[in-house]
Amino acid sequence: MSAPLCRLCRAELTVTFVDLGMSPPCESYLAADELDRGETFYPLHVRICSECLLVQLPAYISGEEIFSHYAYFSSYSDSWVAHAKAYVDDAAQRLGLGPGSFVVEVASNDGYLLQHVVERGIRCLGIEPAANVAEAALEKGIPTEVFFLGEESGSKVRSAHGPADLVAANNVFAHVPDIVDFAKGLRALVADTGRVTIEIPHLLRLIEGNEYDTIYHEHYSYLSLLTTQRVLAAAGLTVVDVEELPTHGGSLRTWSAPTEHAPQPSPEVERLLGAEAAAGLGTVEGHAGFASQVAEVRNDLLEFLIFCARRGETVVAYGAPGKGNTLLNHCGIRSDLVRFAVDRNPFKHGKFLPGTHIPIHPVEALAPARPDYVLIMPWNLREEISAQLAPVVTDWGGRLVVALPHLEVI
Ligand SMILES: [Zn+2]
């Protein structure tokens with residue numbers, strides 16, 4: 001069998017970044033009557049391209065399959081809506097956006113971001129592939145069209161609506177299989193004097209923080225500033241500024257301009273490229289240590305859980321986020337080691353985690369069970385969740401645990 005090809009430069013992908021084995025799609029929670037059926041598992045084998053250094057997961061599951069009926073509504077998260085407002089305020093100031101401007105957002109979801117553009121009296125258009133989510137935006141009065149962006153569809157939008165002063169693609173770039181055609185779509189949309197912003201989880205933070213649970217099938221590319229520059233360059237866009245953001249365990253927001261009209265990049269671009277190079281992201285060899293870091297995390301967690309099981313101590317999980325499934329499946333943890341998970345989302349109650357079949361209960365199930373340990377799955381919210389879980393410690397002497405970036409009994 002031949003190796004898969006790089007989605008940027010088409011070279012054969014012969015070098016492994018990390019191989020997490022087989023896993024079901026992380027959002028495919030099971031109902032009780034589905035437990036006795038087969039489940040489809042796909043590889044989570046992340047490669048690094050030895051030519052262009054793009055770290056990537058082959059498209060084992062197509063984007064259409066995942067995103068056409070996407071169920072995530074961004075406006076459910078207050079902090080996310082606030083993040084979007086701060087972005088719009090900043091962009092309006094940087095680019096001097098006003099009533100004569102035009103803003104396009106790709107993967108505009110339910111209008112959580114464009115509502116702030118509408119408030120400013122600026123003309124805008126959302127592009128969203130999930131029809132049910134786009135419907136919610138239309139109900140708020142935000143013009144939205146339903147399709148996947150590529151060079152062809154981007155050109156059609158430009159012909160129909162004119163070029164955009166700002167094109168935002170703020171949490172979609174890492175999630176498109178054909179990233180070059182998508183980037184060409186961004187170039188087609190933006191005016192010669194306009195800017196394109198994208199936000200991506202930063203590969204440097206993923207590696208430094210052992211954030212391997214952010215690897216899942218819908219997350220196709222794991223980008224550094226260096227590889228982001230290369231993808232955008234292939235579409236005629238040049239990164240002129242970059243910001244580091246705390247979202248998703250550490251993200252980048254890049255500001256790009258059409259290459260033939262791009263000003264000199266800000267010093268921040270050079271600084272961050274330097275930091276990436278110093279961390280080894282400029283060579284294939286520099287990426288080599290990650291797989292052993294991941295193995296270490298798995299060994300520590302399994303050792304701890306087996307130790308608990310031998311002593312007759314119970315462990316339950318707090319939070320059943322999609323990304324927790326990568327960790328649980330990779331470690332082969334089932335309800336013998338983690339008895340159940342609790343989650344605040346009522347849609348998950350009574351369901352089971354894909355692959356591991358760990359049952360999901362309401363948070364109220366914690367107190368009667370009095371577990372000896374509660375494993376916090378969303379490690380990025382550990383401060384907030386530790387405070388919520390104070391009664392575990394004070395009421396029955398339980399302990400809180402995180403597995404990432406390293407196993408820690410808090
Ligand atoms: Zn490549």
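Scanning segment 114-148 for residues that are under 20 Å from the mean Cα position of the chain (by Cα), of a type outside the set (Gly, Ala, Ser) and modelled with pLDDT under 95 returns GLU128, PRO129, VAL133, PHE148. Evaluating ALA278 against the criteria (1) touching a Phe, Trp or Tyr at 6+ places or on another chain (Cβ under 6 Å); (2) aliphatic (A, V, I, L, M); (3) surrounded by fewer than 19 Cβ atoms within 10 Å (Cβ to Cβ) leaves one unmet condition, (1). Against the numbered list (1) on the phi < 0 side of the Ramachandran plot; (2) in contact (Cβ under 8 Å) with a residue 24 or more places away in the chain, GLU364 comes up short only at (2).
Mind listing just one residue for me: the one in segment 241-250 that is modelled with pLDDT of 95 or more and crowded, with 18+ Cβ neighbours inside 10 Å and, of those, nearest to SER62 (Cα to Cα)? So the residue we want is VAL242.
So in segment 181-206, with the set limited to residues that are closer than 23 Å to TYR42 by Cβ and aliphatic (A, V, I, L, M), which one is surrounded by the most Cβ atoms within 10 Å (Cβ to Cβ)? Please lay out each step first, then the result.
So the first thing to find is which residues in segment 181-206 are closer than 23 Å to TYR42 by Cβ, and the list is 181-182, 200-201, 203, 206.
Filter once more, keeping what is aliphatic (A, V, I, L, M): 200, 203, 206.
On the way: ILE200: 25, LEU203: 30, LEU206: 22.
Checking each candidate, the answer is LEU203.
Restricting the search to segment 12-33, which residues are more than 18 Å from the chain's Cα centre (by Cα), more than 16 Å from the ligand (Cβ to nearest atom), touching a residue at least 24 places away in the same chain (Cβ under 8 Å) and not in a strand (DSSP E or B)? Passing the criteria: TYR29, ALA31, ALA32.
Only one entry of LEU53, LEU20, LEU57 meets the criterion of being of a type outside the set (Gly, Ala, Ser), on the phi > 0 side of the Ramachandran plot, modelled with pLDDT of 95 or more and not assigned by TED's automatic domain parsing to the domain that holds ALA136, and that entry is LEU53.
Applying the criterion of being part of a helix (DSSP H, G or I) and touching an Asp or Glu at 6+ places or on another chain (Cβ under 6 Å) to the residues of segment 320-373, the residue that is surrounded by the most Cβ atoms within 10 Å (Cβ to Cβ) is LEU327.
When you look at GLY312, is it of a type in the set (Gly, Ala, Ser), modelled with pLDDT of 95 or more and over 28 Å from LEU35 (Cα atoms), yes or no? Full working, then the answer.
On the way: of a type in the set (Gly, Ala, Ser): yes; modelled with pLDDT of 95 or more: yes; over 28 Å from LEU35 (Cα atoms): no.
Considered against the rule, which asks whether it is of a type in the set (Gly, Ala, Ser), modelled with pLDDT of 95 or more and over 28 Å from LEU35 (Cα atoms), GLY312 comes out as no.
Restricting the search to helices (runs of 4 or more DSSP H) fully inside segment 200-289 and requiring at least 3 residues that are among the charged types (D, E, K, R) and more than 20 Å from GLY185 (Cα to Cα) gives 267-278. Taking the criterion of being in contact with a helix residue (DSSP H, G or I) (Cβ under 6 Å, 6 or more places away or on another chain) and in contact (Cβ under 8 Å) with a residue 60 or more places away in the chain, the only residue of segment 260-278 that qualifies is GLU276. When we screen ALA387, ALA317 for residues that are surrounded by 16 or more Cβ atoms within 10 Å (Cβ to Cβ) and either more than 22 Å from the chain's Cα centre (by Cα) or within 20 Å of LEU404 (Cβ to Cβ) (or both), the only hit is ALA317. When you look at LEU5, is it touching a Leu at 6+ places or on another chain (Cβ under 7 Å) and away from the ligand (no atom under 16 Å from the Cβ), yes or no? Spelling it out, it is not the case that LEU5 is touching a Leu at 6+ places or on another chain (Cβ under 7 Å) and away from the ligand (no atom under 16 Å from the Cβ).
The values are calculated or read from the model by the stated rules, or taken from the named source; none is laboratory data. Model, not experiment: these values are computed from the prediction. Please note: Cβ atoms are built from the backbone with ideal geometry, for glycine as well, and neighbour counts cover all protein chains shown.
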